[in-house]
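A.B. asks: If you scroll down you'll find the structure; I have some questions about it.
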Amino acid sequence: MVTDSPAHIYKKVFNGKRVLVTGDTGFKGSWLSLWLHELGADVVGYALPPERDEDHFNLIGLDETIHHVQGDIRDFSSLNKVFQDFQPQFLFHLAAQSLVKHSYQEPKLTIDTNVGGSLNILEAVRLLPSLRSVIYVTSDKCYKNKEWMWGYRENDELGGHDLYSASKASAEIIFTAYMNSFFNNREGFGAASVRAGNVIGGGDWSSDRIVPDSIKALRSGHPIVLRNPNATRPWQHVLEPLSGYLLLAAKLFHSPVEFSGAMNFGPRNESFHTVQNLVERIVAFWGKGEVQVNIEANAPHESTLLHLNCDKAEQVLGWHPRWDFSRAVDKTTHWYKEVVSGKQALQISKQQIKEYMGELND
């Protein structure tokens, strides 16, 4: 084994460490919490209850694997108590209102959670000297989307047309203010905001997301209906950005000054595909299915082109994506197909983490 491979770094750094994950009941948070547990970390999760019985958190029995505390990041007292009681060395902040369409239906909830909740996180971090490494997750939608062809860099303008994007840009601004006011001179402490988007993978059953909507249609024998078939996205498997978060957290632990700041995690250009391309690949792997196009009149604003420049992650951190578009879609569809056929979700998720970890040694 190459001793400085990401897989080796993960095992060496996280084994036996106390790690707090906010949003562990969510799609990305549940995958990350399972991965950290597999690395030997002592994981505690803090989040609202999962929304559905079939969410990844429930299907893999994560509440029996890690320490889970039910709570809301908008409740500072409860949140801070978990920080103080558990005394984590690492924090991964993923708790959020994560749906653009829902921000039109619940604008105040979106701002209260993504801005006020993130403020509570940063304040709890400020009050906890034991913390060494913080990964503060926002979104690719924190950038002011100008619909240009090249990817957004970490120092590009922040902003948003919709409330979801505005909430993520605001969370980034508050993060930078806390870094400048409190964290930059804190000895032995590093923190980074990370930005990714259009993540796919098994166990996501959220409404108004193309992959779960497609799987629900295939499972029930109904056609998959596309409202924005030509929207182009940089699709990536959930393990891709999570591998970046883990590597960055590990680097922050040992070299906080060098790695603190902002960082993008996204796929290479070959993974930029339309929604229709994505769905057709899912159907092909599934083995059957019908696709229909029904463009909504007066639908809420939705960007048609948005992707990230990840040169910093590749050149400074030494991270790069492993699974291309085809592999990401096939691994995702395989997960759902196996679970629908009655296989154990926990074993499928563990196997995919193991496969991905094996490729990190290359």
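A.B. asks: Which entry is the computed Cα extents along the principal axes in Å for this structure: (1) 60, 55, 34; (2) 57, 42, 39; (3) 65, 43, 37?
C.D. replies: The listed entry that was calculated here is (2).
A.B. asks: Also: Kindly write out, for the range 99-112 in residue order, the coupling ³J(HN,Hα) from the Karplus curve 6.51 cos²θ - 1.76 cosθ + 1.60 (θ = phi - 60°), rounded to whole Hz, with x marking Gly and Pro.
C.D. replies: Along the range 99-112, the couplings run 10, 4, 4, 5, 5, 6, 7, 10, x, 5, 4, 4, 5, 4 Hz.
A.B. asks: Pull up the cross-link candidates among the aspartates and glutamates for residue 141, meaning alpha carbon to alpha carbon under 17 Å and not fewer than 8 places away within one chain.
C.D. replies: Within reach: 154, 156, 157, 162, 172, 208, 302.
A.B. asks: I've got another one for you. Return the calculated 222 nm mean residue ellipticity for the chain, to the nearest 500 deg cm²/dmol, obtained by summing -39500 (n - 2.57) across DSSP H runs with n ≥ 4 and dividing by the residue count.
C.D. replies: Rounded to the nearest 500, it is -12000 deg cm²/dmol.
A.B. asks: If you restrict to DSSP beta bridges whose two residues both lie in the chain, what percentage is antiparallel, to the nearest 5?
C.D. replies: 10 percent
A.B. asks: Can you spot the aspartates and glutamates whose alpha carbon is less than 17 Å from residue 288's alpha carbon? Ignore those fewer than 8 places along the same chain.
C.D. replies: Leaving aside aspartates and glutamates fewer than 8 places away in the same chain, those within reach of residue 288 are 213, 280, 330, 338.
A.B. asks: For the chain, report the accessible area per residue in Å² (1.4 Å probe, heavy atoms, rounded to an integer).
C.D. replies: Each residue of the chain exposes 42 Å² on average to a 1.4 Å probe.
A.B. asks: Here is a further query. Grab the beta carbon distance between residue 230 and residue 15, set R0 = 45 Å, and tell me the FRET efficiency rounded to 0.05.
C.D. replies: According to the calculation, E is roughly 0.45.
A.B. asks: Sticking with this structure for a sec: How many angstrom lie between the Cα centre of the range 340-356 and the Cα centre of the range 58-117?
C.D. replies: 25 Å
A.B. asks: Give me the percent of accessible area attributable to carbon and sulfur for the chain, probe 1.4 angstrom.
C.D. replies: After summing per-atom areas, the C and S share lands at 49 percent.
A.B. asks: Let me ask you something else. Under a point spin-label approximation (7 Å from Cα along Cα-to-Cβ), what is the residue 346-residue 52 distance to one decimal in nm?
C.D. replies: If labels sit at residue 346 and residue 52, their model points lie 2.2 nm apart.
A.B. asks: So how far apart, in nm, are the two label points at residue 216 and residue 176 if each is 7 Å from Cα heading toward Cβ?
C.D. replies: Placing both labels 7 Å along Cα→Cβ, they lie 3.7 nm apart.
A.B. asks: Here is a follow-up. Taking the dipole about the Cα centre of the range 7-134, with the C-beta of Lys and Arg at +1 and of Asp and Glu at -1, give me whichever of 100, 60, 13 is farthest to the positive side.
C.D. replies: Of 100, 60, 13, it is 13.
A.B. asks: What does the convex hull of the alpha-carbon atoms of the range 188-289 project to on average, in nm²?
C.D. replies: Mean projected area of the Cα convex hull: 7.6 nm².
A.B. asks: Further question: Determine ³J(HN,Hα), in whole Hz, for all residues of the range 261-270 in sequence, where each value follows from phi through the Karplus function 6.51 cos²θ - 1.76 cosθ + 1.60 and θ = phi - 60°; x replaces Gly and Pro.
C.D. replies: Once rounded to whole Hz, the list reads x, 10, 8, 8, 9, x, x, 7, 4, 5.
A.B. asks: Report the full-extension gain for the segment residue 72 to residue 185: residue separation times 0.36 nm, less the Cα-Cα distance, to one decimal in nm.
C.D. replies: Fully extending the segment from residue 72 to residue 185 adds 37.7 nm.
A.B. asks: Which peptide among 236-247, 263-274, 171-182 comes first, and what is the full order, when sorted by highest mean count of other Cβ atoms within 10 Å?
C.D. replies: 236-247, 263-274, 171-182
The values are calculated or read from the model by the stated rules, or taken from the named source; none is laboratory data. Please read these numbers as outputs of a predicted model, since none were measured by experiment. Methodologically, a virtual Cβ is constructed for each residue, glycine included, from the backbone with ideal geometry; neighbour enumeration extends over all protein chains shown. For the accessible areas, the whole protein counts, side chains as well, though only heavy atoms, and no ligand, DNA or RNA atoms are used. Shrake-Rupley method; radii C 1.70, N 1.55, O 1.52, S 1.80 Å.
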